[in-house]
Amino acid sequence: EAAVTQSPRSKVAVTGGKVTLSCHQTNNHDYMYWYRQDTGHGLRLIHYSYVADSTEKGDIPDGYKASRPSQENFSLILELASLSQTAVYFCASSEAGTNSDYTFGSGTRLLVI
Amino acid sequence: GQQVQQSPASLVLQEGENAELQCNFSSTATRLQWFYQRPGGSLVSLLYNPSGTKHTGRLTSTTVTKERRSSLHISSSQTTDSGTYFCAMALMSNYNVLYFGSGTKLTVEP
């Protein structure tokens with residue numbers, strides 16, 4: 001079954017440390033996205049990618065890097081984690097097209113202390 | 001990013017009542033979708049509706065593109081409908097990238 005798998009499911013990180021969130025999709029989708037969700041809020045786009053080895057900035061890219069080494073994998077990197085980056089992070093994938101469906105992963109709960 | 005505003009922020013219903021959720025967006029949307037998130041869960045797509053009226057089960061979405069608004073009607077609500085409903089839109093310039101509203105938290109009481 002096509003899916004988007006995120007790892008880890010949850011993580012506690014120390015301020016100033018490096019954090020890598022991973023996402024793997026088996027949908028054969030071109031597009032992959034990273035969103036963050038803060039408690040009681042909607043999703044905000046951090047980075048996205050439409051092809052391997054290329055990434056694009058979303059609305060809130062500051063403090064985050066992204067890497068798309070293959071069509072299936074998309075990582076989000078926090079080089080210097082900060083308290084304000086505590087949130088739930090969702091990865092999603094979609095085909096290109098106006099009516100293509102988004103498939104979301106289960107999310108990664110990140111707590112920065 | 002684009003502005004997507006949803007109302008109400010929260011809604012409490014008794015089982016069997018109908019719900020009406022609203023979504024307004026700042027730019028003309030070429031793509032409009034409604035998503036559902038179970039408490040503590042991930043998001044699933046409910047309806048794709050860039051214009052007109054679409055139905056699926058007890059859900060009806062009406063989008064008026066010129067007026068930059070969409071609504072989601074849930075009929076005969078059930079306790080299992082509880083969760084957060086998100087509206088998301090994309091622009092013609094980049095129709096693959098969705099921008100989300102802050103959601104409407106729906107609680108259906110037995």
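The values are calculated or read from the model by the stated rules, or taken from the named source; none is laboratory data. Everything numeric in this text was worked out from a predicted model, so none of it was measured. Cβ atoms come from the backbone with ideal geometry, glycine included; neighbour counts cover every protein chain shown.
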**Prompt:** In the range A:2-39, which residue that is hydroxyl-bearing (S, T, Y) and in a loop (DSSP other than H, G, I, E, B) is farthest from the chain's Cα centre (by Cα)?
**Reply:** A:T15
**Message:** Going by what's in this entry, would B:A88 be described as under 23 Å from A:Y50 (Cα atoms) and outside any loop (DSSP other than H, G, I, E, B)?
**Reply:** yes
**Complete:** Filter the range B:34-63 for residues that are surrounded by fewer than 19 Cβ atoms within 10 Å (Cβ to Cβ) and β-branched (V, I, T); the one that is nearest to B:S7 (Cα to Cα) is B:T62
**Asked** For B:R31, all conditions in the list (1) away from chain A (no Cβ under 13 Å); (2) crowded, with 19+ Cβ neighbours inside 10 Å hold save one; what is the number of the exception?
**Response** (1)
**Asked** From the list A:S70, A:S100, which residue is out of contact with any Ser or Thr (no Cβ under 7 Å at 6 or more places or on another chain), closer than 24 Å to B:Y95 by Cα and assigned to a loop (DSSP other than H, G, I, E, B)?
**Response** A:S70
**Request:** Name every residue in the range B:69-90 that is surrounded by fewer than 17 Cβ atoms within 10 Å (Cβ to Cβ) and more than 22 Å from A:T103 (Cα to Cα), in order of residue number.
**Result:** B:H73, B:S75, B:S76, B:Q78, B:T79
**Prompt:** Out of all the residues in the range B:63-85, which are under 26 Å from B:E15 (Cα atoms), outside any strand (DSSP E or B) and either touching a Pro at 6+ places or on another chain (Cβ under 7 Å) or within 14 Å of chain A (Cβ to nearest Cβ) (or both)?
**Reply:** B:T79
**Message:** Looking only at residues that are small (G, A, S), at pLDDT below 95 and not in a strand (DSSP E or B) in the range B:10-48, which one is nearest to B:G101 (Cα to Cα)?
**Reply:** B:S26
**Item:** Breaking point among (1) in a strand (DSSP E or B); (2) within 8 Å of chain B (Cβ to nearest Cβ); (3) not small (G, A, S), for A:D59
**Value:** (1)
